[in-house]
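Asks: The structure's right below; bear with me while I get my questions together.
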Amino acid sequence: IPAEARLGAMWVGISLFMCAVIICGWLIEYELALAGVLVVQFFIGAGMAFTFQSLGGYLIDVFPTRSARITGVQNFWRSLWAAVIVQLFPTMHENIGWGWSYTVMFFLTLAALLLMQVVVFRGERLRQRFGPGPELR
């Protein structure tokens with residue numbers, strides 16, 4: 001079974017996340033019910049957790065002898081992007097508003113999703129050509 005099979009479950013989480021991000025942004029923009037925003041935030045978190053677990057399983061399959069390191073790398077990149085978004089979001093909110101700020105996040109996620117499609121369909125070939133040497137597998 002190829003390692004890319006682990007990424008099949010990711011689509012549920014990423015779809016949930018993307019839909020919830022758009023809904024949350026526009027609920028905040030139009031100042032609708034706080035309860036609705038909180039419920040949507042739950043789905044954003046659930047979608048992210050589902051996605052990161054699937055991605056973590058894939059990375060461990062690709063680097064089975066370096067699972068602790070690759071998990072650390074995944075956490076590093078997740079934390080780095082969180083820090084970048086925290087720094088950029090206030091400026092985005094001031095200039096384009098809540099709804100469009102969340103819509104930008106949606107499109108950034110869509111771009112990442114398209115890159116993941118390349119990994120799903122060409123991952124095995126990419127690993128053979130550019131992947132880790134036998135000492136890392």
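Asks: Which order do peptides 65-72, 11-18, 108-115 fall in by mean Cβ count within 10 Å, highest first?
Replies: 11-18, 65-72, 108-115
Asks: Just the number: Rg to Rh for the chain, Cα atoms, Kirkwood Rh, two decimals. Write out the running numbers ahead of the final one.
Replies: Numbers: Rg = 17.1 Å, Rh = 16.4 Å.
That ratio is 1.04, to two decimals.
Asks: In nanometres, what is the gap between the two model label sites at residue 12 and residue 110, each 7 Å from Cα along Cα-to-Cβ?
Replies: 2.5 nm
Asks: I'm a student and want to see the number: the projected area of the Cα convex hull of the range 1-40, averaged over all directions, in nm².
Replies: Values: hull surface 11.8 nm².
The directionally averaged projection comes out at 2.9 nm².
Asks: What is the gain in length, in nm to one decimal, between residue 22 and residue 68 on full extension, counting 0.36 nm per residue of separation less the C-alpha to C-alpha distance?
Replies: 13.2 nm
Asks: Here's a follow-up. P(r) of the range 57-130 in 5 Å steps, Cα pairs, percent per bin?
Replies: For the range 57-130, the binned pair fractions read 3, 13, 15, 19, 18, 12, 9, 7, 3, 0 percent.
Asks: Let me ask something else about it. Only Cα pairs under 8 Å and at least 6 apart count here; give the relative contact order of the range 6-121 as a rounded whole percent.
Replies: Working: 99 pairs, mean separation 43.5, N = 116.
It comes to 37 percent, rounded to a whole number.
Asks: Can you tell me the order of 73-81, 23-31, 116-124 when each peptide is scored by its average per-residue count of other Cβ atoms within 10 angstrom, highest first?
Replies: Going from most to least packed, we get 23-31, 116-124, 73-81.
Quick note: the coordinates plus some simple rules give every number you see, no bench work behind them. All of these numbers come straight from a predicted model, not from anything done at the bench. Positions of Cβ are backbone-derived with ideal geometry, glycine not excepted, and every protein chain shown enters the neighbour counts.
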